[in-house]
Amino acid sequence: MAGRQQYEDLVPKSEWKDQPEATILTIDLPGFTKEQIKVTYVHTSRMIRVTGERPLGDRRWSRVNEVFTVPQNCLVDKIHGSLKNNALTITMPKETITKTPNIPDTSKTVAEKVKQLEEKRVLEEARRKEKEAEKKKKLLEEKEGILRKLQEEAKAKELAEARKIQEEVIAKEAARKLQEEAIAKEKLQERKRVEEASLEYVDESVGKRKIIKPLLPEVDYTKPISGSGTKPVSERAREVVKPAEEKLGYLVEKEKKIEKGMMEKRRGKEITREDKKLMMNTGVAALVIFALGAYVSYTFCSSSSSSSPPSKPE
């Protein structure tokens, strides 16, 4: 689709010449041809209208629209014109009037008045365009000022929101760290209680290695228990293993409680490295107690078998 045509108004130069037989009006119209110019006479206002337009290229056109007042002593039905060397010449023949003495020639005065009016019109048009340009410039400056103010307000608001979000993140991070420290401290205490319930650390050192003694007393299964007489093997094993089973049951209950708490935290995605370590230590302690009980049973049974007399063959 072709764009709209843009017009540029041309204000041509004009010149009046007063001759005895006619008044001649010369108008400069550079670039126009005879077919592009139209000259008409307006009877109601006794004026000549000159119009025309020509293309400048790239959808731009130059146009002219000017009016000129015809002198009173001209014959309007004999007005004619011609275009030559980019100049339009309009000849307005005069009426033949016998001049009487003391009557001034007014044709020159009329031409001067027409010229003055034309100059005044051109000046007023230029002033009007200048005022319109100043008004547009002022409106543009006001618009730019409003846009600049809105941008500054938006930027300040964005910075305030970013600062607020940063403060909230810092506060949440501090609260999370405090919570993690409290949970880690609690789990550490629980782990210490479990370790104290399963093992007893002795300060004795052998070289650079510490000796760990079990809580269960050392029993010589080859010797009878003083004051108890002779007891069955199963009863003696039960007396030795019973404390280990109680300890094992206590540790199992503790492990269940800890695992339950760990599962709840795992659902809330709050489990930490300390919790994992505590679970591992609890499981190891339970295995140690279980292995200790098994070892005691095995040792007792082996000792009983070696100490019993061989049966006599029949």
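The values are calculated or read from the model by the stated rules, or taken from the named source; none is laboratory data. Please read all numbers here as calculations on a predicted model, not as lab measurements. As a convention, Cβ positions derive from the backbone with ideal geometry for all residues, glycine included, and neighbour counts pool all protein chains shown.
Some observations on this one:
- Residue in the stretch 14-25 that is in contact with a helix residue (DSSP H, G or I) (Cβ under 8 Å, 6 or more places away or on another chain) and hydroxyl-bearing (Ser, Thr, Tyr) present: yes
- Positions within the stretch 1-17 being touching a Ser or Thr at 6+ places or on another chain (Cβ under 7 Å) and in a loop (DSSP other than H, G, I, E, B), in sequence order: Leu10
- Looking only at residues in the stretch 39-59 that are in a strand (DSSP E or B) and within 58 Å of the chain's Cα centre (by Cα), the one that is farthest from Glu125 (Cα to Cα) is Gly57.
- Residue-level check: of (1) touching a helix residue (DSSP H, G or I) at 6+ places or on another chain (Cβ under 8 Å); (2) surrounded by 12 or more Cβ atoms within 10 Å (Cβ to Cβ); (3) not aliphatic (A, V, I, L, M), Glu66 misses just (1).
- Residues of the stretch 60-71 satisfying the condition of being part of a loop (DSSP other than H, G, I, E, B) and among the β-branched types (Val, Ile, Thr): Val70
- Yes/no for Tyr41 being touching a residue at least 40 places away in the same chain (Cβ under 8 Å), of a type outside the set (A, V, I, L, M, F, W, C) and out of contact with any Pro (no Cβ under 9 Å at 6 or more places or on another chain): no
- Residue tally, condition among the aliphatic types (A, V, I, L, M), under 15 Å from Glu66 (Cα atoms) and either free of Cβ contacts under 8 Å to residues at least 40 places away in the same chain or not in a loop (DSSP other than H, G, I, E, B) (or both), over the stretch 18-38: 3
- Test: residue in the stretch 127-134 that is in the same structural domain as Pro12 (by TED's automatic domain parsing), at pLDDT 90 or above and out of contact with any Pro (no Cβ under 9 Å at 6 or more places or on another chain): no
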